[in-house]
Amino acid sequence: MKNIQTASKEEIAEIQWLRLKNQMLFLDQNSKFYHKRFKKNDIELSEIHTLEDLRKIPITTKEELQLYNHDFICVPKEDIIDHVTTSGTLGRPVSLALNNADLDRLALNEMQSFQIIGVKKEDVVQITTTLDRRFMAGMAYFLGLRMLGAGVIRTGSGLPQLQWDSIERFQPKYLIAVPSFLLKMIDYAQEHHIDFKKSSVKAAICIGESIRNMDLEFNALSKKIKQLWDIELFSTYASSEMATAFTECELHVGNHAQPDLIFTEILDQAGAPVKSGEVGELVISTLQNTTMPLLRYATGDMVSFIDDPCKCGRNTIRLSPVIGRNRQMIKLKGTSLYPQNVIDTINEFDKISLFVIIAERGNLGIDNLIIKIPDTSTLTLIQLFKEFLKSKLQVTPTLEMALPSDIEKLKYPEDGRKPRVFIDNRY
């Protein structure tokens, strides 16, 4: 079968539309939530022929998925074989369920994602993220590598000593890792005189944190990693609700969509599509999904897209890094900020490596932004940091001193699956 990613744009659109129509028919027949939605809004699926027609179907929100969770399930309860939850970044985690077909789809998604990067059957990949704690991604990485036939090392999250021992023993070419954890691994290697620059690792597949700016150049975090350890860094973007990954190819010019598994729209605040290069909210419809398919689901993630064919031969759209979530925008003293702007700025300062950002809302409904930094910081460093923030952000967030151990607990909660650099307490 021809790879849909390298098909012409016209072929991709035709295949996607057919799969989207099939998914909508499936939802009408099997989803209590969407059957009600179609009926309430007088939606006749036989009359949905264009993208303009599709936009007659209301957006599905995260709140609806949480509130009417069981109404989204399209298969008998006894067919469900795996239960996962979202990370709960904006509140209580959302429950999701998968049957056997969905696990096969998840494996296909991740295998194709690894193929976009260039991972081959003969390669060995070390997974430094958790496979438990109801985390879909860790399982997806394992299933995808298994389908690809590549070697897998399941070290799990944390434990730098185990990571380096595994690298020495099994000689992986790739690491799957949260970027900030790579810095922890480097720190450990330097402290224990491990010659990490001569290790077998040639590249890291980065998850959970952005490594590029909107112009697709490395941000401060990835620059810091590259200065210390010159391995190739690949950007990825995914969420549990999508059960699909967007991944950089070897040219590093945006995250490729997988059009056989997901249908994407990027919309402005009025619900109209934005143009290539403009920022909007990513709205997705999952394809070839059977247990809890989502139709026109608002992810909350603000991105732009590139529609030009990639020189790698793929004709899929490519997404920019996520600049933030629509609900996460902060209005600080008249200036609009997204968390990623603040994170990149702090990483660029380079003299403070441990921090957590907290957004709060005061009694008058005014946003406040607090940056917790170690109480070991000198007065001179604090003043330099304030001046740097002011010059880059045009405003100065509130700085709070805290014990490094307390900041670590906030950043790496016991029940967490990835670091929390930004905590939103406004909702």
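The values are calculated or read from the model by the stated rules, or taken from the named source; none is laboratory data. Only a predicted model underlies this, so the values are computations on that prediction, with no experimental measurement involved. Heads up, the Cβs are rebuilt from the backbone with ideal geometry, glycines too, and the neighbour counts pull from every protein chain shown.
What do you reckon, is Lys184 under 25 Å from Asp344 (Cα atoms), modelled with pLDDT under 95 and in the same structural domain as Leu51 (by TED's automatic domain parsing)? Steps first, please.
Working: under 25 Å from Asp344 (Cα atoms): yes; modelled with pLDDT under 95: yes; in the same structural domain as Leu51 (by TED's automatic domain parsing): yes.
For Lys184, the condition - under 25 Å from Asp344 (Cα atoms), modelled with pLDDT under 95 and in the same structural domain as Leu51 (by TED's automatic domain parsing) - is met.
Taking Ile266 as the residue in question, decide whether it is more than 30 Å from Met292 (Cα to Cα), assigned by TED's automatic domain parsing to the domain that holds Asn109, touching a residue at least 12 places away in the same chain (Cβ under 8 Å) and of a type outside the set (Gly, Ala, Ser). Spell out how you get there, then give the answer.
On the way: more than 30 Å from Met292 (Cα to Cα): no; assigned by TED's automatic domain parsing to the domain that holds Asn109: yes; touching a residue at least 12 places away in the same chain (Cβ under 8 Å): yes; of a type outside the set (Gly, Ala, Ser): yes.
So Ile266 fails the test.
Scanning the stretch 1-23 for residues that are part of a helix (DSSP H, G or I), within 15 Å of Ile317 (Cβ to Cβ) and not aliphatic (A, V, I, L, M) gives Gln5, Thr6, Lys9, Glu10, Glu11, Gln16, Trp17.
Let's see how each residue does on (1) of a type in the set (A, V, I, L, M); (2) over 28 Å from Thr396 (Cβ atoms); (3) modelled with pLDDT of 85 or more:
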| residue | (1), (2), (3) |
| --- | --- |
| Val274 | yes, yes, yes |
| Ala298 | yes, yes, yes |
| Asp307 | no, yes, yes |
| Thr316 | no, yes, yes |
| Arg325 | no, no, no |
| Pro339 | no, no, no |
| Asn363 | no, no, no |
| Asn368 | no, no, yes |
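The combined condition, being without any contact (Cβ under 8 Å) to a residue 12 or more places away in the chain and touching a Leu at 6+ places or on another chain (Cβ under 6 Å), is fulfilled by Thr396. A residue that is surrounded by fewer than 22 Cβ atoms within 10 Å (Cβ to Cβ), charged (D, E, K, R) and modelled with pLDDT of 95 or more occurs nowhere in the stretch 204-224.
Yes/no matrix, rows are residues, columns are (1) of a type outside the set (D, E, K, R); (2) over 20 Å from Leu261 (Cα atoms):
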{"position": "Ile4", "(1), (2)": "yes, no"}
{"position": "Ser8", "(1), (2)": "yes, no"}
{"position": "Leu18", "(1), (2)": "yes, no"}
{"position": "Asn22", "(1), (2)": "yes, no"}
{"position": "Phe26", "(1), (2)": "yes, no"}
{"position": "Asn41", "(1), (2)": "yes, yes"}
{"position": "Asp53", "(1), (2)": "no, yes"}
{"position": "Pro58", "(1), (2)": "yes, yes"}
{"position": "Leu67", "(1), (2)": "yes, yes"}
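Every residue, every condition in (1) over 24 Å from Cys310 (Cβ atoms); (2) not aromatic (Phe, Trp, Tyr), yes or no:
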{"site": "Asp104", "(1), (2)": "yes, yes"}
{"site": "Ile117", "(1), (2)": "no, yes"}
{"site": "Glu122", "(1), (2)": "yes, yes"}
{"site": "Val125", "(1), (2)": "no, yes"}
{"site": "Thr129", "(1), (2)": "yes, yes"}
{"site": "Phe135", "(1), (2)": "yes, no"}
{"site": "Ala150", "(1), (2)": "no, yes"}
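Between a residue in the stretch 108-123 that is at pLDDT 95 or above and any residue that is of a type in the set (Asp, Glu) and surrounded by fewer than 21 Cβ atoms within 10 Å (Cβ to Cβ), which pairs come within a Cβ distance under 7 Å, given they are 6 or more apart or on different chains? Between residues of the stretch 108-123 that are at pLDDT 95 or above and residues that are of a type in the set (Asp, Glu) and surrounded by fewer than 21 Cβ atoms within 10 Å (Cβ to Cβ), the close pairs are Gly118/Glu250.
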